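Heads up, the thing below is written out as structure tokens.
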Amino acid sequence: MRVLFLAVHAPDRAPGQRFRFEQYIDALRSRGVECDFSWLLDAAGARVLYSPGNVLRKVWLAIRSAGRRLFEIPTLSQYDVIFVQREALFIGGPWVERAAKASRAKLVFDFDDAIWLNDTSAFNRQFRFLKNSSKVPRIIAMADLVIAGNQYLADFAKQRNSNVVIVPTTIDTEAYVPLATPRTAGPVCIGWSGSFSTIVHFKTVLPVLRRLHQKFGDRIRFRVIGDGSYADAELGIQGIPWNADTEVQDLLDIDIGVMPLPDDEWAKGKCGLKGLQYMALGIPTVMSPVGVNGQIIDAGVNGFLPRTEDEWVSTLSLLITDQDLRARIGAAGRQRVEEAYSIRAWREKFCDLLMSDTREAPPAGTT
């Protein structure tokens, strides 16, 4: 059996790819499945695309990427399954997906964001029309199987395709291991992990962090991972860039993890990755009660879901002052991930979905 994975970014770079399908490739290969991975943007290309200016280089990236996909079309019939994560090409209509549908392969479409909304990075607003988010419903309709990251996304997909299953974003709990001995000395670190494109979400919690800073002073500190350009002198924050080699160790520097989100349609499509990463590492997690977050966390048991600014302040204050509570909530969060959001919990189901020799998906659990 042969599977072709089509995605935009190079391996081990984009969270949607890493935590949705890349970490299952070894499991498929262990079952004798031949897996090929075709991507368009390496690290240098991604830096160009998601930076201001560079118009000519961006045009060249688009032309080169379209040319690569055009060259691949004659090879699609060699595969039994073609798996598209979010989109096969970052501009234009679904012509690659349509070619995949016309081949003999089973077309699988996976998505983990509300990508039918026209959400474009600030650096590329002038090219928004090329993104063509309207292609998403058409891809969903033509797919033989749609894999959605949460119920909100699945409900959207089910309006256009009857063969939709939910597979949550999952964590490798063998790589994400909590500290053997929790820290007992030094200031308590409140941390956030994301990227330059989601730093806007972190900024929504700044009023809370400033109140905590006034209240606790040097008993606490703050950490931002994923946007090396972010800085806040008042809070003593200098962001650090994401690094695949140090990702887990960087996260383990955090004593309390936060994931604030606005209550809007885009945020409802989020699959809780940041929170799941914290929880897998035994870090007590505080998230906005938006979308799937309320399904991941049982408030007060394995995490917290404050709504108002005052609730955020009181929840974080409690965690700052109670080390035993941090340990208890962190351990419960780790258990939650192991049971429902780990590779171990979903490996066989994911492989079964792709390896089914019919175009109807076998039953799969939801969370």
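The values are calculated or read from the model by the stated rules, or taken from the named source; none is laboratory data. Please read these numbers as outputs of a predicted model, since none were measured by experiment. Here the Cβ positions follow ideal geometry from the backbone for every residue, glycine too, while neighbour counts run over all protein chains shown.
Values for this structure:
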{"item": "Evaluation of Lys215 against (1) exposed (fewer than 15 other Cβ atoms within 10 Å of the Cβ); (2) under 28 Å from Glu338 (Cα atoms); (3) touching a Ser or Thr at 6+ places or on another chain (Cβ under 8 Å) (one fails), failing number", "result": "(2)"}
{"item": "Residues within region 188-211 that are of a type in the set (Gly, Ala, Ser) and in a loop (DSSP other than H, G, I, E, B), tallied", "result": "3"}
{"item": "Among the candidates Arg29, Arg13, Arg20, residue that is crowded, with 20+ Cβ neighbours inside 10 Å, of a type in the set (Lys, Arg) and closer than 30 Å to Val248 by Cα", "result": "Arg20"}
{"item": "Members of region 32-56 found to be within 21 Å of Ile82 (Cβ to Cβ), small (Gly, Ala, Ser) and exposed (fewer than 14 other Cβ atoms within 10 Å of the Cβ), listed by number", "result": "Gly32"}
{"item": "Flag for Asp352 being without any contact (Cβ under 8 Å) to a residue 40 or more places away in the chain and under 22 Å from Tyr24 (Cβ atoms)", "result": "yes"}
{"item": "Filter result for the condition that a residue is under 25 Å from Ala43 (Cβ atoms), small (Gly, Ala, Ser) and at pLDDT below 95, over Gly228, Gly239, Gly186", "result": "Gly228"}
{"item": "Inter-residue pairs, beta-carbon under 7 Å, first closer than 13 Å to Ile254 by Cα and in region 267-296, second among the small types (Gly, Ala, Ser) and assigned to a loop (DSSP other than H, G, I, E, B), 6+ apart", "result": "Lys274/Gly194"}
{"item": "Answer from Leu206, Leu251, Leu212 - the residue that is more than 20 Å from the chain's Cα centre (by Cα), of a type in the set (A, V, I, L, M, F, W, C) and under 30 Å from Leu153 (Cβ atoms)", "result": "Leu206"}
{"item": "Unmet criterion (only one of (1) at pLDDT 95 or above; (2) at positive phi; (3) not acidic (Asp, Glu)) for Gly92", "result": "(1)"}
{"item": "Of residues in region 218-246 being of a type in the set (D, E, K, R), more than 20 Å from Ala327 (Cβ to Cβ) and surrounded by fewer than 18 Cβ atoms within 10 Å (Cβ to Cβ), the one nearest to the chain's Cα centre (by Cα)", "result": "Asp245"}
{"item": "Only listed residue being outside any strand (DSSP E or B) and under 26 Å from Gln335 (Cβ atoms), chosen from Ala175, Ala185", "result": "Ala175"}
{"item": "Any hit, region 50-59, residues being under 30 Å from Tyr341 (Cβ atoms) and modelled with pLDDT under 95", "result": "yes"}
{"item": "Search result, residues across region 1-36 that are part of a helix (DSSP H, G or I) and in contact (Cβ under 8 Å) with a residue 40 or more places away in the chain", "result": "Pro15, Gly16, Gln17, Gln23, Tyr24, Ala27, Leu28"}
